[in-house]
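Asks: Handing you this structure, nothing more for now.
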Amino acid sequence: MSLRELARRTHYSHSYLSKVENGVKSPTAELARRCDHALGMGGALMEAARRELPGTVTEPQPWPRPMQLPAGPVVFVGRSAELARMDRLLTEREIPAGSVPILTVEGPAGVGKTALALRWARQHLDDFDDGALFADLHGSDATRHPTDPGEVLDGFLRALGVRPDRIPDNTEQRESLFRSALAGRRMLVVLDDVASSDQVNPVLPGSADCHVLVTSRRRLTGLTVVSDAVSLTLGQLGRGESIDLMTAIIGEQRAAQDPAAVAAIIRRCSRLPLDLRVVAEHITALPQTPLAAFVDEWTAVNQRFPNSQRGHQNKLTE
Ligand SMILES: Nc1ncnc2c1ncn2[C@@H]1O[C@H](COP(=O)(O)OP(=O)(O)O)[C@@H](O)[C@H]1O
Ligand SMILES: [Mg+2]
């Protein structure tokens, strides 16, 4: 494995590793721990560190390893370019010392932000030895207020094993306890459906060992001021991806029966995953109906309600 690859996997900079390799800097127990993990050495490097660096290796604390990620969709199609871009932005970039790497996935409702964030998180769980925290901040939920950051911190602290009677009432004190609890840990923090950067800032870890993945319908400009935040704007699915999604739900046989109807449905859904799923599931519930009948039904709805952008969905989900 190249030094650059090792740097990527251990989240140390290439120049730091090169100094250790050349004897300019001494190795640390933490470096041994991360290399052990990155190289799959099964604890051999930590054993060596125990011998060679006496007194520096602390045994792992009996903290719980939270794993709060929800499952995500069973059928997930495409997005390979976006997932690769997320790798480049979140884990393959040199992060300035002392700042927290944050990636915000932005885009309109139903475009697949949460699904993408969960997909990336699940693919990278091995990189985060100490687990993953997840909170839905309900930033665009018309039925309730956005979640208070203090409430999010309360949940995270409990998940990290802090006894409820030790959790302060005051949000600022919770923030500092949260940062202390995360110090020296490698965790992924996923903050879903965020309304504003004010909702995120109190919930940020304090070290570059933790990575933060945020989803939001809005552009969170305030985050870049306090952290090393980058963003990815998510758009509609590609044509091929849309066909894959329809096919995965309605089945290959049915999709192959009328490709023109499939193409018409995809066009009408503007390749939005949420709409494609709703329509595909409706189609699945009516196995005897030819696909062209759905397109006709839709055309009729649009003629009756020409101003209803989502008339098809209302009709199809009734
Ligand atoms: N790449 C994908 N493959 C399959 N289903 C997807 C994909 N992206 C999104 N979906 C589905 O579309 C719907 C909306 O996605 P979601 O991630 O909740 O959107 P957002 O968070 O942007 O509002 C969900 O049912 C989700 O499972
Ligand atoms: Mg979402």
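Asks: Those residues that are modelled with pLDDT under 90, buried (at least 17 other Cβ atoms within 10 Å of the Cβ) and assigned to a helix (DSSP H, G or I), I need them from the range 209-245; list them, please.
Replies: Leu223
Asks: Kindly check whether there is at least one residue in the range 217-226 that is in contact (Cβ under 8 Å) with a residue 60 or more places away in the chain and of a type in the set (A, V, I, L, M, F, W, C). Break it down into steps so the answer makes sense when it comes.
Replies: Here is the first cut: in the range 217-226, the residues in contact (Cβ under 8 Å) with a residue 60 or more places away in the chain are 217-220, 223.
Next, from what is left, pick out any that are of a type in the set (A, V, I, L, M, F, W, C): 220, 223.
Yes, the range 217-226 contains at least one residue that is in contact (Cβ under 8 Å) with a residue 60 or more places away in the chain and of a type in the set (A, V, I, L, M, F, W, C).
Asks: Anything in the range 152-169 that is among the small types (Gly, Ala, Ser) and without any contact (Cβ under 8 Å) to a residue 60 or more places away in the chain? List them, or say none. Write out each step before concluding.
Replies: Within the range 152-169, the first condition is being among the small types (Gly, Ala, Ser), and the residues that meet it are 155, 159, 161.
Residue satisfying the conditions is Gly155 alone.
Asks: Identify the single condition in (1) in contact (Cβ under 8 Å) with a residue 60 or more places away in the chain; (2) under 22 Å from Leu223 (Cα atoms); (3) away from ligand 1 (no atom under 16 Å from the Cβ); (4) in contact with an Asp or Glu (Cβ under 9 Å, 6 or more places away or on another chain) that Pro149 does not satisfy, given that it satisfies every other one.
Replies: Pro149 satisfies all of (1) in contact (Cβ under 8 Å) with a residue 60 or more places away in the chain; (2) under 22 Å from Leu223 (Cα atoms); (3) away from ligand 1 (no atom under 16 Å from the Cβ); (4) in contact with an Asp or Glu (Cβ under 9 Å, 6 or more places away or on another chain) except (1).
Asks: Then there is this: Restricting attention to the range 195-207, does a residue exist that is outside any strand (DSSP E or B), β-branched (Val, Ile, Thr) and either outside the structural domain of Phe128 (by TED's automatic domain parsing) or within 13 Å of ligand 2 (Cβ to nearest atom) (or both)? Before you say what the answer is, go through the steps one by one.
Replies: The first filter runs over the range 195-207 and keeps only residues outside any strand (DSSP E or B), leaving 195-207.
Now drop any that are not β-branched (Val, Ile, Thr), which leaves 200, 203.
So of that shortlist, the ones also either outside the structural domain of Phe128 (by TED's automatic domain parsing) or within 13 Å of ligand 2 (Cβ to nearest atom) (or both) come out as none.
No; the residues of the range 195-207 include none that is outside any strand (DSSP E or B), β-branched (Val, Ile, Thr) and either outside the structural domain of Phe128 (by TED's automatic domain parsing) or within 13 Å of ligand 2 (Cβ to nearest atom) (or both).
Asks: Please find, among Thr114, Thr104, the residue that is within 16 Å of ligand 2 (Cβ to nearest atom), assigned to a strand (DSSP E or B) and not hydrophobic (A, V, I, L, M, F, W, C). Outline the logic, then answer.
Replies: Numbers: Thr114 fails: assigned to a strand (DSSP E or B).
The unique qualifying residue is Thr104.
Asks: While we're here: Here is a list: Leu188, Leu177, Leu160. Which entry is hydrophobic (A, V, I, L, M, F, W, C), within 22 Å of Ser227 (Cβ to Cβ), more than 16 Å from ligand 2 (Cβ to nearest atom) and buried (at least 22 other Cβ atoms within 10 Å of the Cβ)?
Replies: Working: Leu177 fails: buried (at least 22 other Cβ atoms within 10 Å of the Cβ); Leu160 fails: buried (at least 22 other Cβ atoms within 10 Å of the Cβ).
The conditions single out Leu188.
Asks: Tell me which of these Lys113 doesn't satisfy, since it passes every other one: (1) within 8 Å of ligand 1 (Cβ to nearest atom); (2) more than 22 Å from Gln199 (Cα to Cα).
Replies: (2)
Asks: Confirm whether Glu172 is more than 21 Å from the chain's Cα centre (by Cα) and outside the structural domain of His37 (by TED's automatic domain parsing). Walk me through it before giving the result.
Replies: Values: more than 21 Å from the chain's Cα centre (by Cα): yes; outside the structural domain of His37 (by TED's automatic domain parsing): yes.
Here the answer is yes, as Glu172 does meet what is asked.
Asks: From the residues in the range 122-146 that are small (Gly, Ala, Ser), in contact (Cβ under 8 Å) with a residue 60 or more places away in the chain and surrounded by fewer than 21 Cβ atoms within 10 Å (Cβ to Cβ), which one is nearest to ligand 1 (Cβ to nearest atom)? Please lay out each step first, then the result.
Replies: The first filter runs over the range 122-146 and keeps only residues small (Gly, Ala, Ser), leaving 131-132, 135, 139-140, 142.
Still in the running and in contact (Cβ under 8 Å) with a residue 60 or more places away in the chain: 131-132, 135, 139-140.
Now restrict to residues that are surrounded by fewer than 21 Cβ atoms within 10 Å (Cβ to Cβ): 131, 140.
Working: Gly131: 22, Ser140: 8 Å.
This residue is Ser140.
Asks: Moving on. Scan the range 5-24 residue by residue and report those that are modelled with pLDDT under 80 and of a type outside the set (Ser, Thr, Tyr).
Replies: Result: His11, single match.
Asks: Considering every residue within the range 129-147, establish whether at least one is modelled with pLDDT of 95 or more, assigned to a loop (DSSP other than H, G, I, E, B) and either away from ligand 2 (no atom under 16 Å from the Cβ) or under 16 Å from Gly72 (Cβ atoms) (or both).
Replies: no
The values are calculated or read from the model by the stated rules, or taken from the named source; none is laboratory data. Quick caveat, the model's predicted, so the values are computed rather than measured. All Cβ positions, even for glycine, are placed from backbone atoms using ideal geometry, and neighbour counts span all protein chains on display.
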